[in-house]
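The values are calculated or read from the model by the stated rules, or taken from the named source; none is laboratory data. Since the model is a prediction, treat every value here as computed from it, not as a measurement. Quick reminder, even Gly has a Cβ in these numbers, built from the backbone with ideal geometry, and neighbours come from all protein chains shown. Just the protein is used for accessible areas: all its heavy atoms, side chains included, with ligands, DNA and RNA removed. Shrake-Rupley method; radii C 1.70, N 1.55, O 1.52, S 1.80 Å.
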Amino acid sequence: MIKGIKGVKDILPEETPRWRFIEETARGAALRYGFREIRIPIFEVTTLFARSIGATTDIVEKEMYTFADRDGTSLTLRPEGTAGTARAFIEHNRAADPLLQKYFYLGPMFRHERPQAGRLRQFHQFGVESFGTSDPRADVEVIALLWRFLSDLSLPDLTLEMNSLGSTADRAAYLPVLISFLKEHESRLCGNCRRRLETNPLRVLDCKVPECRTVTEKAPRLTDHLSIEARAHFDQVLAGLTAIGIPYHLNHRLVRGLDYYCLTAFEITSSHLGAQNAVGAGGRYDGLVESLGGPSVPAVGFAVGLERVSLMLPDTTTTPHAPSIYVAAFGDKGSRAGLILLEELRRAGFYAQTDYRATTLKAHLRQADRAHCSFAILLGDDEVSNGSALLRNMESKAQEKLSLANFPTLLKARIPT
Ligand code: HAM
């Protein structure tokens, strides 16, 4: 028997209403904030991700699904959506459009991680990317959208964590200070952090190993090494959040696992999620478009993991669905008439179903119950002969005889579509 791949999940019909609800809430929130949908490819040339996310990040070093195309070109399944969106922005010369380019996307991403609750190898993100301004109000806008989306879903115990990663120059000045501090305590750091000390020292700050955390508690902070401009930008973002009533915590350890960020970095966590506690995260990436060969265009965005949203969504969340109708057609004439009636009902906008395996009324009614249909239409040979059908309320079991001629119209007066 062939099985699905580890960390790659099927979303079965019982779960898809929950997913649709999440996706529709995301779409609604993004549109309200003036973001338009973009659909970018699921795979791209590998260098796009290596150059944007960063060659020494966990994603690029260990987690990408990379394969050779038939002509030998190295391709990769997208591990996130920012790189592809920036590529599309450049390729289609969107900077020439006088409007701000604000995009959102929904779709699967792929990372070869160790699967656990809330961490998959194929997972889904809702992301937004706002190109064209370094105004701190654009940062506030994307954070507000993320906060609004998660609050619309009534997710419990959310915390917004904020940090500033400064400008490239700020980080260049800060890194030697951090490295020299970390070198003094190198023997106390875990193996991974000792390696990161050489490749990506900022990441030592967000290591979860308790001894590493004790060491870095006293480490010099990037926010104490910000230029006047970066400090002012961060202060304006924080003031903007306060002005619109979004509470936040400062977290000097928040450095993000992707290299394209500068200035604002943020993450929304929930205590309901266990080890994988980040629901959504993002930040500013003013240098990315230019580094990929485009014009100098500042940008800010976020992405939310929809599996994590789904884990936290209260079970009572259901999508209201128009009542479903079951056509219980039996007997020779009944079955023939049933085929036509089903089609008429569907064309009239009803959710109509049947089970072709059922041959008796009893079997049909059992299936109507199992499928949670609100109504059944009973149609046997006798009914066909006298030009009628019975409408049965599956809950109250009350039945009403209706003429088969213009049946959908009669039904519309009784059942909302
Ligand atoms: P990220 O922090 O790598 O950022 O991912 C964003 C969110 O995707 C995470 O907070 C988490 O909820 C979800 N996620 C990541 N990996 C997995 C996984 N293996 N299984 C389930 N969920 C996962 C980015 O991807 C950036 N592109 C965000 C961004 C957009 N920054 C600016 N614009």
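Yes/no per residue for (1) within 16 Å of the ligand (Cβ to nearest atom); (2) touching a Ser or Thr at 6+ places or on another chain (Cβ under 9 Å); (3) of a type in the set (A, V, I, L, M):
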| residue | (1), (2), (3) |
| --- | --- |
| Phe234 | no, yes, no |
| Val237 | yes, yes, yes |
| Ile246 | no, no, yes |
| Phe266 | yes, no, no |
| Val289 | yes, yes, yes |
| Gly293 | no, no, no |
| Gly301 | yes, yes, no |
> Which residue, of Ala299, Ala275, Ala303, is open to solvent by 30 Å² or more (accessible area, probe 1.4 Å) and either without any contact (Cβ under 8 Å) to a residue 12 or more places away in the chain or among the hydrophobic types (A, V, I, L, M, F, W, C) (or both)?
Replying inline: Ala275
> Does Phe181 qualify as being within 25 Å of Asp286 (Cα to Cα) and not polar (S, T, N, Q)?
Replying inline: no
>> Taking the criterion of being open to solvent by less than 60 Å² (accessible area, probe 1.4 Å) and within 16 Å of the ligand (Cβ to nearest atom), would at least one residue in the stretch 312-329 satisfy it?
In response: yes
>> Residue pairs, Cβ under 9 Å, 6 or more apart or interchain, first in the stretch 143-156 and at pLDDT 95 or above, second among the polar types (S, T, N, Q) and not in a helix (DSSP H, G or I). List them.
In response: Ile143/Thr264; Leu150/Ser270
>> So the check is Cβ under 9 Å with 6+ separation or different chains; which pairs have a first residue in the stretch 8-20 that's farther than 9 Å from Ser310 by Cβ and a second one that's open to solvent by 100 Å² or more (accessible area, probe 1.4 Å) and not in a helix (DSSP H, G or I)?
In response: Pro17/Thr318; Pro17/His321
> Which members of the stretch 55-88 meet the condition of being in a loop (DSSP other than H, G, I, E, B) and either modelled with pLDDT under 95 or polar (S, T, N, Q) (or both)?
Replying inline: Ala55, Thr56, Thr57, Thr73
>> Could you list, ordered by first residue, the pairs with Cβ atoms under 9 Å in which the first is in the stretch 33-51 and over 19 Å from Glu290 (Cα atoms) and the second is open to solvent by 70 Å² or more (accessible area, probe 1.4 Å) and of a type in the set (Lys, Arg), at least 6 apart or interchain?
In response: Tyr33/Arg148; Glu37/Arg27
> Can you find a residue in the stretch 28-35 that is closer than 27 Å to Thr76 by Cα, open to solvent by 100 Å² or more (accessible area, probe 1.4 Å) and out of contact with any Lys or Arg (no Cβ under 8 Å at 6 or more places or on another chain)?
Replying inline: no
>> Can you say whether Gly72 is within 18 Å of Glu129 (Cα to Cα) and away from the ligand (no atom under 15 Å from the Cβ), as far as the supplied structure shows?
In response: no
>> Just the residues that are of a type in the set (A, V, I, L, M, F, W, C), within 10 Å of the ligand (Cβ to nearest atom) and in a strand (DSSP E or B), please, taken from the stretch 105-121.
In response: Met109, Phe110
> Residues in the stretch 116-131 that are surrounded by fewer than 20 Cβ atoms within 10 Å (Cβ to Cβ) and over 17 Å from the mean Cα position of the chain (by Cα): how many?
Replying inline: 1
> Taking the stretch 211-234 on its own, how many of its residues are in contact (Cβ under 8 Å) with a residue 12 or more places away in the chain, part of a helix (DSSP H, G or I) and of a type in the set (A, V, I, L, M, F, W, C)?
Replying inline: 5
> Which ranges mark the strands (runs of 3 or more DSSP E) fully within the stretch 240-342 that have 1 or more residues being of a type in the set (Phe, Trp, Tyr)?
Replying inline: 262-270, 299-305, 324-329
